[in-house]
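As C-alpha cells, the structure follows; a few thoughts come after it.
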Amino acid sequence: MNTSDILNRAADLIDERGHWKGWYCGPNGQLCARGAMYIAAGVVPPSEPEGVWSGDCDHEAVNAATKRLDAHVGVLTERWNDLDATTAADVTDALRGAAEAARAEQ
C-alpha cells in the first residue's frame, strides 16, 4: 500500500469510526490520525497503552504517511490531532489533502 492509499483509507476509517484524541484508538473503535494510518496499513493498535498490538504492517509505509501528514499540517501529527481545536473534519480533510500531495509526487 502506498502513502496516498494509506492516507485516504485512514480518512475513510475516521469517517466510519469517529475521531479520537490522546491515544491511537478509543474505547468504541474511534481513531486518531496515526491510529487510522496504522489500521489502514494492516495493524490494529490497542485502545490502551498497556494493550497488545495485532496484525502485521509495513511500518515504513506508516512512517512515510505520517511524515507526509506532518508536512501538510506543519506540526507533528500526534500534537496536532490532540489539540482541542482539531476536529474530525480537520483530520479527514488533512489526510485527504496529504494523500493528494503524495499522489502528485508519484
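For the reader, a short list of remarks on this structure follows.
Matching residues to (1) closer than 17 Å to residue 20 by Cα; (2) more than 9 Å from the chain's Cα centre (by Cα); (3) buried (at least 21 other Cβ atoms within 10 Å of the Cβ):
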site: 49; (1), (2), (3): yes, yes, no
site: 63; (1), (2), (3): no, yes, no
site: 66; (1), (2), (3): yes, no, yes
site: 84; (1), (2), (3): yes, yes, no
site: 87; (1), (2), (3): yes, yes, no
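- For the stretch 25-47, a residue qualifies if it is under 15 Å from residue 9 (Cα atoms), touching a Phe, Trp or Tyr at 6+ places or on another chain (Cβ under 9 Å), surrounded by 19 or more Cβ atoms within 10 Å (Cβ to Cβ) and not polar (S, T, N, Q), and the qualifying residues are 31, 32, 33, 34, 35, 36, 38, 39.
- Residues in the stretch 24-44 that are of a type in the set (Gly, Ala, Ser), closer than 20 Å to residue 60 by Cα and either in a loop (DSSP other than H, G, I, E, B) or touching a Lys or Arg at 6+ places or on another chain (Cβ under 6 Å) (or both): 2 in all.
- Looking only at residues in the stretch 68-79 that are part of a helix (DSSP H, G or I) and of a type in the set (A, V, I, L, M, F, W, C), the one that is surrounded by the fewest Cβ atoms within 10 Å (Cβ to Cβ) is 71.
The numbers here are math on the coordinates, done by the rules we state, and not lab data. Just so it is clear, the structure is predicted and the values come from calculations on it, not from any experiment. Virtual Cβ from ideal backbone geometry, glycine too; neighbours counted across all protein chains shown.
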